[in-house]
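Remarks on the structure that follows.
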Amino acid sequence: MSRFLNAEYKQLQAYTPGEQPHNKKLIKLNTNENPYEPSPTVSQAISEAEITQFRLYPDPDATQLLTEIAAYYNVEPGQVMVGNGSDEILAFCFMIFQGSGKKVYYPSPSYGFYPVYGDVFQAKRNPIPLTEDFTICIEDYKNLDGTIIIANPNAPTGIALEPQEIEEILLANQSNLVIIDEAYIDFGAKSCVPFVQKYDNLLVVQTFSKSRSLAGARVGFAIGSKPVIADLNKIKFSFNPYNINRLSILAASAAMKDRDYFRETCRKIVNTRQRLVKQMKAMKFHILPSKANFLFVRHDNISGKHYFERLRENNILVRHFDRQPTSDFVRITIGKDEEMDALLEATARILGEMEDRR
Ligand SMILES: *Cc1c(COP(=O)(O)O)cnc(C)c1O
């Protein structure tokens with residue numbers, strides 16, 4: 001730490017991203033990336049000619065991308081804004097809707113960035129614990145006095161709320177902004193986007209990082225009422241108007257347009273998830289009911305930490321959160337079928353060794 005850092009950031013605990021290993025041999029199941037390549041239309045969109053255009057700034061409105069997103073969700077382009085990853089949009093939300101002493105409510109555990117942004121922008125953080133079975137109790141979210149942010153499906157549990165449950169929260173918080181982070185919505189849960197036509201206190205945030213295979217392009221988007229979107233654009237234009245680079249605008253627009261490829265890859269991931277659940281249950285794992293592209297699992301015979309470490313020795317990288325109440329679990333991203341076969345094989349071996357030692 002230098003002597004120049006502002007006092008309010010001296011205690012700040014930064015977000016810890018999952019490891020991005022340089023070892024290419026590792027099977028990477030730790031950061032919920034999509035195992036399938038982006039749509040083939042993405043590489044067609046990024047032609048040599050487009051690279052020569054790199055000397056020019058990108059369209060600050062990202063009009064082409066807004067148009068594709070609006071068409072997909074059947075909303076007006078004025079109800080959509082785009083960010084450099086949905087993380088940037090979430091940061092903007094904390095900056096303008098709940099910073100400086102205003103209250104923010106979110107489930108705990110949930111996405112690790114919510115408390116970090118709360119601290120960066122000096123909000124009053126109010127984490128609401130999950131129930132004992134790791135679900136969100138919607139009664140805990142009624143009649144609050146601050147902004148609410150809920151990941152649906154939640155992370156790292158994968159458990160989803162029904163749209164009607166979120167509607168109850170919206171109705172019971174008409175003076176509060178309710179942000180629904182739908183990073184994993186395309187793997188089997190139902191989106192709340194249709195509610196934006198009815199409730200001006202709803203903002204839905206999504207990303208191209210998971211279901212559209214573009215984590216490296218850094219593109220996220222938000223859909224909400226026009227005034228809320230205008231507020232977000234005001235802060236974007238006061239911070240970084242060119243927040244989406246030229247190639248990412250092209251890549252994300254192409255990915256949004258190719259609905260068949262999107263549906264097909266999501267379907268494959270859901271099928272692989274169902275198969276993995278069945279096979280891990282047969283090995284006596286406890287598995288939370290996931291609607292996401294990952295499973296949160298634990299086993300009575302091995303600690304989360306040990307399972308994580310033993311998998312790593314077998315060149316398989318998963319995620320372990322070494323704090324309560326999640327330290328018994330590991331989070332496993334759904335990969336390709338052959339990657340899941342390698343995981344199952346290593347797991348059987350590891351559990352077998354545990355048996356032998358007893
Ligand atoms: C991955 C993830 C994000 C961030 O996505 P980016 O668009 O890559 O910034 C946001 N929220 C949750 C819950 C996530 O898991």
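The values are calculated or read from the model by the stated rules, or taken from the named source; none is laboratory data. Computed from a predicted model, the values in this text were never measured in an experiment. Here the Cβ is made from the backbone with ideal geometry for all residues, glycine too, and neighbour counts use every protein chain on show. These area figures cover heavy atoms from the full protein model, side chains too; ligands, DNA and RNA do not enter into them. Shrake-Rupley method; radii C 1.70, N 1.55, O 1.52, S 1.80 Å.
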Considering only the stretch 201-219, state which residues are within 10 Å of the ligand (Cβ to nearest atom), more than 15 Å from Ile69 (Cβ to Cβ) and buried (at least 24 other Cβ atoms within 10 Å of the Cβ).
-> Lys210
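Listed residues Gln98, Gln53; which is touching a residue at least 40 places away in the same chain (Cβ under 8 Å) and surrounded by fewer than 16 Cβ atoms within 10 Å (Cβ to Cβ)? Show your work before the answer.
Details: Gln98 fails: surrounded by fewer than 16 Cβ atoms within 10 Å (Cβ to Cβ).
After ruling out the rest, the residue left standing is Gln53.
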Conditions (1) touching a residue at least 60 places away in the same chain (Cβ under 8 Å); (2) open to solvent by 70 Å² or more (accessible area, probe 1.4 Å): number failed by Tyr15 = (2)
Yes/no for Ile89 being open to solvent by 10 Å² or more (accessible area, probe 1.4 Å) and either touching a residue at least 12 places away in the same chain (Cβ under 8 Å) or in a strand (DSSP E or B) (or both) = no
Tally time: how many residues in the stretch 65-86 are away from the ligand (no atom under 16 Å from the Cβ) and outside any loop (DSSP other than H, G, I, E, B)?
-> 10
Single match in Ala155, Ala189, Ala160, Ala222 (criterion: assigned to a loop (DSSP other than H, G, I, E, B), buried (at least 24 other Cβ atoms within 10 Å of the Cβ), within 16 Å of the ligand (Cβ to nearest atom) and among the aliphatic types (A, V, I, L, M)) = Ala160
With the checklist (1) touching a residue at least 24 places away in the same chain (Cβ under 8 Å); (2) surrounded by fewer than 16 Cβ atoms within 10 Å (Cβ to Cβ) in hand, flag the one item Lys278 doesn't pass.
-> (1)
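Among Ile149, Ile229, Ile180, which is the only one that is assigned to a helix (DSSP H, G or I) and open to solvent by less than 30 Å² (accessible area, probe 1.4 Å)? I'd like the intermediate steps shown before the answer.
Values: Ile149 fails: assigned to a helix (DSSP H, G or I); Ile180 fails: assigned to a helix (DSSP H, G or I).
None of the others qualify; the one that does is Ile229.
Under 30 Å from Met95 (Cβ atoms) and either among the aromatic types (Phe, Trp, Tyr) or buried (at least 18 other Cβ atoms within 10 Å of the Cβ) (or both): which single residue out of Ile316, Ile235, Ile249 fits that description?
Values: Ile316 fails: under 30 Å from Met95 (Cβ atoms); Ile235 fails: either among the aromatic types (Phe, Trp, Tyr) or buried (at least 18 other Cβ atoms within 10 Å of the Cβ) (or both).
When all the criteria are applied, what remains is Ile249.
Would the stretch 265-276 turn up any residue that is modelled with pLDDT of 95 or more, in contact with a Ser or Thr (Cβ under 9 Å, 6 or more places away or on another chain) and of a type outside the set (Val, Ile, Thr)?
Quick first cut of the stretch 265-276, residues modelled with pLDDT of 95 or more only: 265-276.
If we keep only those that are in contact with a Ser or Thr (Cβ under 9 Å, 6 or more places away or on another chain) as well, we get 265-266, 269, 273.
Okay, now just the ones that are also of a type outside the set (Val, Ile, Thr), so 266, 273.
Yes, some residue in the stretch 265-276 is modelled with pLDDT of 95 or more, in contact with a Ser or Thr (Cβ under 9 Å, 6 or more places away or on another chain) and of a type outside the set (Val, Ile, Thr).
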Please identify the pairs in which a residue from the stretch 26-50 that is closer than 17 Å to Ser248 by Cβ and free of Cβ contacts under 8 Å to residues at least 12 places away in the same chain has its Cβ atom under 9 Å from the Cβ atom of a residue that is surrounded by fewer than 22 Cβ atoms within 10 Å (Cβ to Cβ) and not hydrophobic (A, V, I, L, M, F, W, C), counting only partners at least 6 apart or on another chain.
-> Ser43/Glu37
For residues that are part of a loop (DSSP other than H, G, I, E, B) and at pLDDT below 95, tally how many sit in the stretch 7-42.
-> 17
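Is it true that Tyr57 is under 26 Å from Phe321 (Cβ atoms) and either part of a helix (DSSP H, G or I) or among the aromatic types (Phe, Trp, Tyr) (or both)?
Details: under 26 Å from Phe321 (Cβ atoms): no; either part of a helix (DSSP H, G or I) or among the aromatic types (Phe, Trp, Tyr) (or both): yes.
In short, no.
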